Amino acid sequence: MKLVECVPNFSEGRDQKILNAIADSIRAVKDVSLLDVDPGSDTNRTVFTIVGEPDAVVEAAFQAMKTAANLIDMSKHTGAHPRMGATDVCPFIPISEMTMEDCVALAHKLGKKAGEELGIPIYMYEYAATKPEWKNLAEVRKGEYEALSDKAKDPYWKPDYGPHTFNSRSGATAVSAREFLIAYNINLNTRDEKKATELAQMIRESGYPKRDKQGTLIKDKSGNKITIPGLFSYCKAVGWYIDAYKKAQISINLTNYKVTPPHIVLEKVRELALKKGIIVTGSEVVGLIPKEAMLNAGKYYLQQMNESTGIPERMIIETAVQSMGLAEVGSFELDKKIIEYAITKADNLVNMTITDFADLLSTDAPAPGGGSVAALCASISGALSSMVANLTVNKKGYEKVQKKVFEIADLGQSIKERAIQAIDKDTQAFNEMMSAMKLPKKTQEEKDYRQMQIQNATMKAILVPLEVLRIAHEAVELSGRIALIGNTNALSDAATGAVTANAAAKAAYYNVRINLHGIDDKTSANKIMVEADQILKAVNRKAINVEKQVMKKL
């Protein structure tokens, strides 16, 4: 599922009515979650954290900017934090299935819309910058709000979007795309802040000043301090003492966890600390963390133990929590600390018990229906292949296939997770189609808009089961692979995986076909039908072959 985070900073931290109005404008947008509102009275600034589907997040950010423009008067603003606009900065951060390029496109989409419709000068910075010198936010915000009237007269400061004029009420806004920042602390069995600082200096990118054996700073011929670079890029760190914990910590900001992940930093600190006679007792994540970072950590530790990583993702994450000591100084609740889990809606189908899902399915409610059942069958197929693979891991007599079964276990989990996501996607697509059908159609303009929305919703109702059909193809191929090399005691499970994949494919195919009649673009409809026919035949053929193969061995 595509997820993006947006963290707009507003120049208001004292008036709760204004903050509530901004929050309400965000919550009114569908498919977004407002995860956090962090006001500061001294800075007179509030940071909002929004997560959701890309286009919805852009709309939520725009509505928030619009509300801020109406309610915040920058000509009267004072505060300790640097600022230049009612909406001061608005960065987009990739969370799931999003690239930095995707976020740059979203940033420019928002910048253009806000500039044109709100009349606010918009400057793009960091990854979205259009000038090398504007990559640095400090350069863009130089002089702050008070310098904007002069910048409005200088061609160099012509904004990327919006008018090149001084907006005395709203100021200007900087919009960007950046990586996710993980606030991460490592706990030590010492109260000595100096020891924590020494370790922090060794790992942080900026490094530490070189000293001789007597501790005197070493300088070059020009009298400048010589700095020894730290071990990790995208790593900022300091040492401090936390009285509440009665221990020193290394406080770290990781500005690109994909390059410098927290678990790798932790393992290096454990190594460096041990040489100094210091023990790392645990660590903590401040705020939220992307699921990917925790999965990568859990898989790292499982691999160190030569255990399968093809297990449910929550089990992988629990391995990371335990291995990193993330619950030492406070609880680490997955549903509150992992971004993707924190925004999951409680009423999603996937959160139901089997009984509740089957009960709802049996009523006269039009959704969930066959499409969601198709996705459920595909997820079960992937789970079964993963199960057979895990039953083969480290088993006597299967030494030669260990590399393959580790891989199959992982792929089975991937199939399972993607198919599970489609359970709710299918029902959501159907509901969107019903909503489009109910749109007004009195005027020609209303009729045209309604028809466009119906077409969009119908295409979505086709593409979701089409994706399930593709997943089912992967699932049946995987069941065939594990049936050949997997634990013979679980052959029936491999066959069941093939059967459920075939059922998923047929059910998904029917859902594709029934909705294709509603598409006006017959060229696209025919192309989809050809692909669906080909996949269905391939899945059915493979499933029959797997059943025959298993029957010979039983």
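Overview of values
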{"item": "The stretch 176-302: relative contact order as a whole-number percent, Cα under 8 Å and 6+ apart", "result": "35"}
{"item": "Separation of alpha-carbon centers, the stretch 337-366 and the stretch 484-551, rounded to whole Å", "result": "25"}
{"item": "The stretch 349-553, relative contact order [Cα under 8 Å, separation at least 6], %", "result": "28"}
{"item": "Computed over the chain: relative contact order in percent, which uses C-alpha pairs under 8 Å that are six or more apart", "result": "9"}
{"item": "Unit charges at the beta carbon, dipole of the chain: most positive-side option, GLY518, LEU266, VAL58", "result": "LEU266"}
{"item": "Modelled label reach - PHE166, point 7 Å along Cα→Cβ, the stretch 62-99 residues with backbone N closer than 12 Å", "result": "75"}
{"item": "LYS396/ARG314 FRET efficiency (R0 41 Å; Cβ-Cβ; nearest 0.05)", "result": "0.90"}
{"item": "Among 224-231, 318-325, the order from most to least packed when residues are scored by Cβ within 10 Å on average", "result": "318-325, 224-231"}
{"item": "5 angstrom amide H check on ARG45, placed H, neighbours 5+ away", "result": "GLU12, GLY13, GLY40"}
{"item": "Dipole magnitude of the stretch 3-177 about its Cα centre (Cβ charges: Lys, Arg +1; Asp, Glu -1), debye to nearest 20", "result": "560"}
{"item": "Debye intensity ratio in log₁₀ form over the Cα atoms of the stretch 349-553, taken at each q of 0.09, 0.11 Å⁻¹", "result": "-0.40, -0.56"}
{"item": "Cα centre as origin, Lys/Arg/Asp/Glu Cβ charges: the stretch 1-106 dipole, Debye", "result": "420"}
{"item": "The stretch 340-445: C-alpha pair distances exceeding 22 Å, %", "result": "50"}
{"item": "Cleavage-rule hits, trypsin sites (Lys or Arg not before Pro), the stretch 438-510, DSSP coil, Cβ neighbours within 10 Å at most 16", "result": "LYS438, LYS441, LYS442"}
{"item": "Length added when fully stretched, ASN253-LYS153, from 0.36 nm per residue minus Cα-Cα", "result": "32.2 nm"}
{"item": "Helical mean residue ellipticity (222 nm; -39500 (n - 2.57) per DSSP H run of 4+; nearest 500) of the chain", "result": "-17000 deg cm²/dmol"}
{"item": "Förster radius 41 Å - calculated FRET efficiency between LEU71 and MET352 (Cβ-Cβ, nearest 0.05)", "result": "0.50"}
{"item": "FRET efficiency, 1/(1 + (r/R0)^6) with R0 35 Å, evaluated for GLU531 and GLU101 via beta carbons", "result": "0.80"}
{"item": "Out-of-range pairs (alpha-carbon distance over 25 Å; input LYS195/LYS246; LYS151/LYS225; LYS195/LYS299)", "result": "LYS151/LYS225; LYS195/LYS299"}
{"item": "Total formal charge among the other residues, if their Cβ is under 12 angstrom from that of ASN189, Lys/Arg +1 and Asp/Glu -1", "result": "+4"}
{"item": "Positive-end residue of LEU231, VAL89, ALA21, charge dipole of the chain with Cβ unit charges", "result": "LEU231"}
{"item": "Label-point separation, ASP15 to LYS225 (7 Å along Cα→Cβ), nm", "result": "4.3"}
{"item": "Cα-based Rg and Dmax for the chain, where Dmax is the largest Cα-Cα distance (Å)", "result": "27.6, 87"}
{"item": "Assigned charges on the beta-carbon of Lys, Arg, Asp, Glu; the chain dipole about Cα centre (debye)", "result": "1460"}
{"item": "Label-to-label distance, nm, for residues given as SER492 and GLN303 (7 Å Cα→Cβ offset)", "result": "3.6"}
{"item": "Positive-pole candidate from THR353, MET433, VAL401, dipole of the stretch 341-462, charges at beta carbon", "result": "VAL401"}
{"item": "Centre separation in Å (Cα based) which lies between the stretch 144-208 and the stretch 414-466", "result": "40"}
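Values in this text are rule-based calculations from the coordinates and carry no lab data. Since the structure is predicted, the reported quantities are computational estimates derived from the model, not experimental observations. All Cβ positions, glycine included, derive from the backbone under ideal geometry; neighbour counts span all protein chains shown.
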